[in-house]
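Below is one structure, written out as structure tokens; comments come after it.
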Amino acid sequence: MKPLLLLGLLILVTACNDDAGDLRLYVAEVKARPANPPEPLPDIVAFVPEQYSPVSERSPFAQPQPEDMVEQLANNQTCDPLDNERPKDPLEQYSLDNLSLRGSLGDGRSVWGLVRTQDGVTHRVGVGHRLGLYHGKVTDINDHELTLTEYIPDGKGCWEPRVTKLTLSTGG
């Protein structure tokens, strides 16, 4: 039994020794290979400073404004400014993607919509309430949908009204 154990141990040591020799040969071969030369550096462009003329150019400390935008804002008297001074309603912090109409209820004189936020809180809204990120104002509520008017910036300093509807959602 002992001679077999010694024989097995000897074979194991010899096998490991052979693998180590192969590994040493491979490492020596890799070290003998010539190194790849590094890529050449890109050409350096010389810096040429420009002369600043304070009479003909704008001040570097003033906020830049495109010329066509300045003219348009000066001529744009037809834009209705939005009331940004009023306090925001709670549902104005949510985009319409995060709101769903879950139902409606009424007492004969008025109808309210039940709007649920993505975090699971249900709010009662009526005509005139505001919701959404674009100054949306509820204009109509019926059994299956809530209609609101949003004011989308047009990129020229004005706001364009857009009618949007939240339809009844029955999913969880």
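The values are calculated or read from the model by the stated rules, or taken from the named source; none is laboratory data. Quick caveat, the model's predicted, so the values are computed rather than measured. Backbone-built Cβ (ideal geometry, glycine too); neighbour counts: all protein chains shown.
Couple of notes before you dig in:
- Any hit, region 56-67, residues being at pLDDT 70 or above, exposed (fewer than 10 other Cβ atoms within 10 Å of the Cβ) and not in a loop (DSSP other than H, G, I, E, B): no
- Any chance Pro49 is part of a loop (DSSP other than H, G, I, E, B), over 30 Å from Lys156 (Cα atoms) and modelled with pLDDT of 90 or more: no
- Tally, over region 131-169, of residues that are among the polar types (S, T, N, Q), more than 16 Å from Ser110 (Cα to Cα) and without any contact (Cβ under 8 Å) to a residue 60 or more places away in the chain: 1
- Scope region 141-169; condition closer than 13 Å to Leu91 by Cβ and more than 26 Å from the chain's Cα centre (by Cα); matching residues: Leu146
- Entry remark, region 93-114: residues being surrounded by fewer than 16 Cβ atoms within 10 Å (Cβ to Cβ) and in contact with a Gly (Cβ under 7 Å, 6 or more places away or on another chain) number 2 in total.
- Taken as a whole, the condition of being within 30 Å of the chain's Cα centre (by Cα), more than 11 Å from Thr164 (Cα to Cα) and at pLDDT 90 or above does not apply to Val138.
- If you go through region 83-99 and keep only what is among the hydroxyl-bearing types (Ser, Thr, Tyr) and farther than 18 Å from Leu114 by Cβ, you end up with just Ser95.
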